[in-house]
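Worksheet: one structure, shown below.
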Amino acid sequence: MKLVLGRQGFKAILRSVFTFSTLHLTSDHRDGFKLVAKTALQHRWLIVAAFFFNVLAGIFEGGTMGILALAVSVLIEQKPVTSMLTGFGSMGVYLGSFLADLTADTVFLILVGVAVSTQVLKSMVAYVAKYAAITLQFRVNRHFQETSTNHVMEYSYGEIIKQPSGILAGLIGQAAQVGGMIMVANEALLSTTLFLTYIVMMFVFSFPLALVALVIVGLMSFGLAQLRTYIRALGERIISGGLKTTKASIEFLQAPRLLRANGITKYAKDMINAFRADALQAGETSSKLKALVGPVVDVLTIITAGIFLVGGYLIAGDNLMERIPKLLLFLLILNRMMPQVRSLNEVRLGLASSEYLLSTTGKFLRTEDKEFERTGGRRFDRLRETICFENVTFNYPGTSTQVLTDFTCDITKGETVALVGASGAGKSTVASLLLGLFEPTSGRITVDGIDLRSLDLSDWRRRIGSVDQEVFLLNASVLDNIALAVDEYTISDVVAAARRAHAHGFVEKLPHKYNSMIGDRGVTLSGGQQQRLALARALFRAPGILILDEATSSLDSHSERLIQKTLEELPASITMLIIAHRLSTISAADKIIVMEQGRIVESGKFKDLISAAGTFEKLWRVQVNERDRAVNMDV
């Protein structure tokens, strides 16, 4: 039986069998592969162990088949075993001396026992290889979990607000799954090793039959390759649907009041379920298609075996009894080989479904196109003299509209400076720049004559207490919220901070006092209580600089007076920047800066600005009139 293949045709068959070269790699895929490879190479001994024991498993498998073939030959041909071992050189002669006096039946039984023992060894070393691969997989997963979390946490403020928190959370979760490719690679290595072992054994038995088997395997793999494009698209739907589900779930779960107050819980539920259903449907279809591989291989295996048996019967003629046992042994090898072919094709389809995961992870963890928090710089312990804004101009990245224009002011140590103006005047941007969340587009901010951009941001921010209009509280105890991220403290320190913020009184009335849980975002507390708790958290760190960004704008008059009282009682050494909508809260400020469209239009003390009858006086008059109307309506 002769079968002639051109060189290109033979290469095509091999490419169909060994399919890793058919991956469609983009730059994102390559980045993902590099990250996985770089991480895996940090544990080289595990890679070496997995490779070595997989290859050893292949050798033992080949040895099993070879010993079984020898056993069958001894039993059928009834020849002295010494003559059969002559082809193995000095080792064959050495083994033959031990077996020379034994009968063929005894040698057959011994060889079967050795084959069984070799197969046990093969199973043991295959497990060791898988053990090493599992260890490597989870180490890679752990590394990617930590790396992706650190990656996001190290984003600059401007970078992190570009994407919804739900998408970032989903990407962190997805990145932790790429270690699964280690097991895919291990499975591919073992299957490839065993496949090559069986192919070699088949060629040793019969070159024509082995060539036919290889062609059948190649054609089968080529046929299954047509599924790859569809599986890849389904993999993209699975990953994309998972990210969309996470995004929608986090966003809607963060707004329980909004959903119920507006009667849109069904809308939220339907959206989340739609995203999840799309991902699940794609996963179901993908799994069903992958499940085709097993039955297809099984059917082709039995068809191939039948063809070989019938062909062997027709060709054998008078030598049927001599050739059938060898043919059966050949079929045994074929039967052992086909599961490895199935495994290789399952790996192939699994890689196709994981390509989008690899792509999104590579794109997500790429650093060149992202902006990260500045690290390092000059140490900072405390403000000694003055903070200066020097001709600061700012526009948000990607926009041309200037939020601040030539903003210049000084804030002296211990001074209370208030920023007022209409919404969109740039007040909160000043606070963000002072916190180092953004950097000026032009101009600079100096601290005691040193450019803020040259200071260590961590040191700088540790000396600042900040309270925003939108308070963020954890679903934790009062104690944990006040002492957030502080490792060493005493309960008396927490109580002292709460007393300064006039929060101790209401905390003592809670069921478990400082150990009381306050619910998601402090939902069990009133708005005024939430603000005072946030102020206590800021004061707990004993800041030298305090920033209040519209911290009293939505409070009732009682809560507002308590926070004002807190500010009046603070040490004179604390420097304060207060952004206020209610002008009454900043009447005692050392300096009031009035802003319009990113520019300073007035500055001075409260009385001086009222007397000047300018922009501030107009704002004051409007608020007084609104207050008088509210009082008259109450009466």
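The values are calculated or read from the model by the stated rules, or taken from the named source; none is laboratory data. On a predicted model such as this, the values are computed, not experimentally measured, just so you know. As a convention, Cβ positions derive from the backbone with ideal geometry for all residues, glycine included, and neighbour counts pool all protein chains shown.
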Query raised in the report: Residues Thr118, Thr82, Thr147: which one is in the same structural domain as Met337 (by TED's automatic domain parsing), hydroxyl-bearing (Ser, Thr, Tyr) and either at pLDDT below 65 or assigned to a loop (DSSP other than H, G, I, E, B) (or both)?
Result: Thr82
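Is it true that Val200 is of a type in the set (A, V, I, L, M, F, W, C) and not in a helix (DSSP H, G or I)?
no
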**Report entry** Total residues in segment 144-187, condition more than 11 Å from the chain's Cα centre (by Cα), free of Cβ contacts under 8 Å to residues at least 24 places away in the same chain and closer than 20 Å to Ser354 by Cα
**Finding:** 0
Query raised in the report: Only one of (1) outside any helix (DSSP H, G or I); (2) surrounded by 16 or more Cβ atoms within 10 Å (Cβ to Cβ); (3) at pLDDT 80 or above fails for Lys162. Which number is that?
Result: (2)
Report summary line: Here the residues within segment 504-526 that are more than 39 Å from the chain's Cα centre (by Cα) and either closer than 10 Å to Leu479 by Cβ or surrounded by 18 or more Cβ atoms within 10 Å (Cβ to Cβ) (or both) are His504
Report summary line: Restricting segment 588-617 to residues that are of a type outside the set (Asp, Glu) and in a loop (DSSP other than H, G, I, E, B), the one nearest to the chain's Cα centre (by Cα) turns out to be Gly598
Requested in this report: Test each condition in (1) of a type in the set (S, T, N, Q); (2) assigned to a helix (DSSP H, G or I); (3) closer than 25 Å to Thr490 by Cα for Thr585 and report the one that comes out false.
Outcome: (3)
Query raised in the report: Restricting the search to segment 273-287, which residues are out of contact with any Lys or Arg (no Cβ under 7 Å at 6 or more places or on another chain) and either modelled with pLDDT of 85 or more or among the small types (Gly, Ala, Ser) (or both)?
Result: Asn273, Ala274, Arg276, Ala277, Leu280, Gln281, Gly283, Ser286, Ser287
Query raised in the report: Within segment 469-490, can one find any residue that is over 30 Å from the mean Cα position of the chain (by Cα), surrounded by 14 or more Cβ atoms within 10 Å (Cβ to Cβ), on the phi > 0 side of the Ramachandran plot and in contact (Cβ under 8 Å) with a residue 60 or more places away in the chain?
Result: no
**Report entry** Residue list for segment 110-130, filter: over 34 Å from the mean Cα position of the chain (by Cα), surrounded by 15 or more Cβ atoms within 10 Å (Cβ to Cβ) and within 14 Å of Gly58 (Cβ to Cβ)
**Finding:** Thr118, Gln119, Leu121, Lys122
Query raised in the report: For Val107, which of the numbered conditions (1) modelled with pLDDT of 85 or more; (2) surrounded by 17 or more Cβ atoms within 10 Å (Cβ to Cβ) fails to hold?
Result: (1)
Query raised in the report: Residue check: is Phe207 over 25 Å from Leu280 (Cβ atoms) and either surrounded by 17 or more Cβ atoms within 10 Å (Cβ to Cβ) or at pLDDT 75 or above (or both)?
Result: yes
Requested in this report: Sort through Glu390, Glu439, Glu385 and tell me the only one that's touching a residue at least 60 places away in the same chain (Cβ under 8 Å) and of a type in the set (D, E, K, R).
Outcome: Glu385
Query raised in the report: Can you tell me which residues in segment 230-263 are small (Gly, Ala, Ser), surrounded by 18 or more Cβ atoms within 10 Å (Cβ to Cβ) and in contact with a Ser or Thr (Cβ under 9 Å, 6 or more places away or on another chain)?
Result: Gly235
